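Written out below as structure tokens is the structure these notes cover.
The values are calculated or read from the model by the stated rules, or taken from the named source; none is laboratory data. Everything numeric in this text was worked out from a predicted model, so none of it was measured. Neighbour counts are summed over all protein chains in view; Cβ atoms, including those assigned to glycine, are modelled from backbone coordinates with ideal geometry. Surface accessibility is based on the protein's heavy atoms, side chains included, excluding ligands, DNA and RNA. Shrake-Rupley method; radii C 1.70, N 1.55, O 1.52, S 1.80 Å.
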Amino acid sequence: MKPLQGKSVIITGGGGGIGRPTARMLAVAGARVIVSDVREDAARMTRDYVVENGGEAIAVPADITREEDVRELVAAAVAAFGGVDVLVNNGGGSLARDVDIVTMDVGVWDAIMALNARGPMLCCKYAIPEMLKRGRGAIVNISSGAALSGQLGIPAYSAAKAAVIALTRSIATLHGQQGIRCNAITPGLIMHERLAEIFPAEQVRVDAENILTPSPGTPEDIGATVVFLASEQARFINAQVLPVDGGLLAHTPTYAQTRAMVSKRLEVKERS
Ligand SMILES: NC(=O)c1ccc[n+]([C@@H]2O[C@H](COP(=O)([O-])OP(=O)(O)OC[C@H]3O[C@@H](n4cnc5c(N)ncnc54)[C@H](O)[C@@H]3O)[C@@H](O)[C@H]2O)c1
């Protein structure tokens, strides 16, 4: 039996760099996937990719910031697969103009809050009643490591992703005993084609020097965690925030700078 056999799973942002492989991994785990994205063509491409790989999926375009779209998205999931078992709130992102607070355009702030905080809330608002009808459900919210530590930039995005963590805990607390689990993942830097277009190579190198794994994170690392948290294998995990970041935020802040010094000390010790 596959871990998500026959489950009806909505994934937002399903046309994106993390969303597309995650949708495929959900289908490989047995899920019937509702691939949603504001970019209709991207949602369709992911649906085709899932189906070509032997999975079951439909594409439903939706702008998660719009309540009517989200209502229709959940209705489409119910019409296609009879209900909603799992919601993956993956749609999100920042804007180039999210740079600092002093120059913050409130329109930019509001847009980022709408996408990253209101969007997941709306998806929960409409998916939870469907989960309650079945007496069970799992929600996986994709937050960000940016919610957990100070950043040089992206203040609106960081604040919005922190809101996602609070939303996660609220939902788990409100609905846990009704059979609904709600957990969040905080990814570190996860490079993919779409991000490579806008992300400076120098920053990728700095990140690689500061993680505690020999190689960087991939969209599949997030997908595997989503599948696990959505499945019954995680039945006793609720209201948690799971970093999938190669240990980026777990070590001393001076790790990268002092590594060379420490290995020199070890060399001296070995010689003495
Ligand atoms: N890639 C990373 O390094 C990283 C790190 C931490 C967190 N995250 C989070 O992971 C999630 C996926 O990110 P990604 O790297 O795949 O980015 P991405 O831009 O490739 O994917 C995001 C998807 O969300 C969709 N989207 C944007 N606005 C939307 C809207 N209003 N309604 C519905 N869908 C909308 C986009 O069309 C896109 O397909 C995001 O929530 C992001 O904040 C990513």
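A few remarks follow.
- For beta carbons closer than 8 Å, sequence separation of 6+ or different chains, a first residue in segment 28-50 that is farther than 15 Å from Gly92 by Cα and a second that is modelled with pLDDT under 95 and more than 10 Å from the ligand (Cβ to nearest atom), the qualifying pairs are Gly30/Met1.
- Here Ser94 fulfils each of the conditions (1) in a loop (DSSP other than H, G, I, E, B); (2) away from the ligand (no atom under 13 Å from the Cβ) apart from (2).
- Counted residues, segment 177-203 - those being within 15 Å of the ligand (Cβ to nearest atom) and at pLDDT below 95: 10
- Filter result (at negative phi, assigned to a loop (DSSP other than H, G, I, E, B) and among the hydrophobic types (A, V, I, L, M, F, W, C)) within segment 134-184: Leu148, Leu152
- Residue list for segment 116-139, restricted to those being within 15 Å of the ligand (Cβ to nearest atom) and not basic (Lys, Arg): Asn116, Ala117, Gly119, Pro120, Met121, Leu122, Cys123, Cys124, Tyr126, Ala127, Ile139
- Pair list, Cβ < 6 Å and 6+ apart or interchain, from segment 206-226 residues that are assigned to a helix (DSSP H, G or I) to residues that are polar (S, T, N, Q) and within 12 Å of the ligand (Cβ to nearest atom): Gly223/Thr22; Val226/Thr22
- Selected residue [open to solvent by 30 Å² or more (accessible area, probe 1.4 Å), of a type in the set (A, V, I, L, M) and under 23 Å from Thr22 (Cα atoms)] from Val70, Val140, Val78, Val88: Val78
- Of the residues making up segment 9-23, those that are buried (at least 24 other Cβ atoms within 10 Å of the Cβ) and either within 14 Å of the ligand (Cβ to nearest atom) or more than 14 Å from Gly223 (Cβ to Cβ) (or both) are Ile10, Ile11, Thr12, Gly13, Gly14, Gly15, Gly16, Ile18, Gly19, Arg20, Thr22, Ala23.
- The listed residue being within 25 Å of Leu189 (Cβ to Cβ), away from the ligand (no atom under 13 Å from the Cβ) and at pLDDT 95 or above, out of Asp85, Asp100: Asp100
- Cross-chain or 6+ apart pairs with Cβ under 7 Å, segment 69-90 first and in contact (Cβ under 8 Å) with a residue 40 or more places away in the chain and under 13 Å from Arg32 (Cα atoms), then open to solvent by 20 Å² or more (accessible area, probe 1.4 Å) and assigned to a helix (DSSP H, G or I): Val78/Glu130; Gly83/Glu130; Gly83/Lys133; Gly83/Arg134; Val84/Val78; Val84/Glu130; Asp85/Arg134
- Matching residues in segment 26-61 - criterion: being open to solvent by less than 40 Å² (accessible area, probe 1.4 Å), within 18 Å of Val84 (Cα to Cα) and outside any strand (DSSP E or B): Leu26, Ala27, Ala29, Gly30, Ala31, Gly55
- Just one of the listed residues (Ala250, Ala239) is assigned to a loop (DSSP other than H, G, I, E, B), under 19 Å from Val86 (Cβ atoms), touching a residue at least 24 places away in the same chain (Cβ under 8 Å) and small (Gly, Ala, Ser), namely Ala239.
- Residue match in segment 189-201 (condition: assigned to a helix (DSSP H, G or I), open to solvent by 60 Å² or more (accessible area, probe 1.4 Å), free of Cβ contacts under 8 Å to residues at least 60 places away in the same chain and not aliphatic (A, V, I, L, M)): no
- Residues located in segment 102-130, provided they are without any contact (Cβ under 8 Å) to a residue 24 or more places away in the chain and of a type in the set (Asp, Glu): Asp105, Asp110
- Asn116 being in a strand (DSSP E or B) and at negative phi: no
- Of the criteria (1) within 17 Å of the chain's Cα centre (by Cα); (2) more than 11 Å from the ligand (Cβ to nearest atom), which one Ala31 fails: (1)
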